[in-house]
Amino acid sequence: MKTKLEVCIDNLAGLEACIKGNADRIELCSSLIHGGLTPETDLMRHASNAAISVRMMVRPKNGNFHYSSKDLIQMKNDIDMARSFGFEGVVFGATLVNGGIDQAFLEKLVTHAFGLKKTLHRAIDTISDPVDAVDVAHNLGFDCILSSGGFDTANEGLLVLKEMYSRALGKIEIMPGSGVNPENAQKIAKSSNFNWLHSSCSSLLENSPFTDANKIISIKNEINY
């Protein structure tokens, strides 16, 4: 089975790069500089017309992943928006102040996201034991976990990611992300035969990052060489 590539984007140029580079899936966001927030409606509309699977970020604020009842209402509305645009799925996460997964909060979101695929995002990298959280995520109803293994980059967290992969037993996808590039993508993908990798595929142009279609192509070539 070929390893597939999900690319996170936050603007129309990124969407066009994903189409040109033949990305396998898009994580649709705004404000990637803040780790990705819920995208703007206009970008959702454009992405809904692309022939690429889309999972939409549902994250109403930057900073930590502790949420209020008001945030819950907003996130449910955003999930409804994702459904209305026909997206494959949604991406969200929530944690407790004591450093664990907020299971009660996530259960409400998962229930509301019926019929949609669900990725638990890198909120998992902020908790004390991401390996044990694999079982929690699966039991809640997520089908995918995006993680760097609790480190700044997936390459640094590879040993933990391999443990997460072993714990998952094929019941939930473990998708390495953060710092994935053409130079390390093959090493990461083959370390546990991960089915998915996640990358921004970005390059710098006049000190501003942009999604590079050539990087998408390069990573896909590397991981399926």
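The values are calculated or read from the model by the stated rules, or taken from the named source; none is laboratory data. Please read all numbers here as calculations on a predicted model, not as lab measurements. Ideal geometry is used to build each Cβ from the backbone, glycine not excepted, and the neighbour counts take in all protein chains shown.
Annotations for the structure displayed:
- With respect to (1) surrounded by fewer than 16 Cβ atoms within 10 Å (Cβ to Cβ); (2) modelled with pLDDT of 95 or more; (3) farther than 23 Å from residue 1 by Cβ, the lone exception for residue 143 is condition (3).
- Pick from the stretch 92-135, criterion of a type in the set (Val, Ile, Thr) and in a helix (DSSP H, G or I), ranking: farthest from residue 72 (Cα to Cα): 131
- For the residues 16, 88, 40, the requirement of being out of contact with any Ser or Thr (no Cβ under 6 Å at 6 or more places or on another chain), charged (D, E, K, R) and modelled with pLDDT of 95 or more singles out 16.
- Selection within the stretch 136-163: residues that are of a type in the set (S, T, N, Q) and assigned to a loop (DSSP other than H, G, I, E, B). The member of this set that is farthest from residue 183 (Cα to Cα) is 148.
- Counting the residues of the stretch 195-225 that are within 13 Å of residue 5 (Cβ to Cβ) and without any contact (Cβ under 8 Å) to a residue 60 or more places away in the chain gives 3.
- Cβ separations smaller than 7 Å between residues 6+ apart or across chains give the following pairs from the stretch 88-100 residues that are among the charged types (D, E, K, R) to residues that are surrounded by fewer than 23 Cβ atoms within 10 Å (Cβ to Cβ): 88/53; 88/117.
- Which listed residue is more than 28 Å from residue 210 (Cβ to Cβ) and surrounded by 14 or more Cβ atoms within 10 Å (Cβ to Cβ), from 133, 50, 104, 82: 133
- Enumeration of residues in the stretch 176-225 that are buried (at least 22 other Cβ atoms within 10 Å of the Cβ) and aliphatic (A, V, I, L, M): 180, 185, 188, 189, 197, 216, 219, 223
- Residues satisfying the stated conditions in the stretch 47-80, i.e. out of contact with any strand residue (DSSP E or B) (no Cβ under 8 Å at 6 or more places or on another chain), assigned to a helix (DSSP H, G or I) and within 20 Å of residue 31 (Cβ to Cβ): 70, 71, 74, 77
- Checked across the stretch 163-181, the condition of being in contact with a His (Cβ under 9 Å, 6 or more places away or on another chain), free of Cβ contacts under 8 Å to residues at least 60 places away in the same chain and hydroxyl-bearing (Ser, Thr, Tyr) holds for at least one residue.
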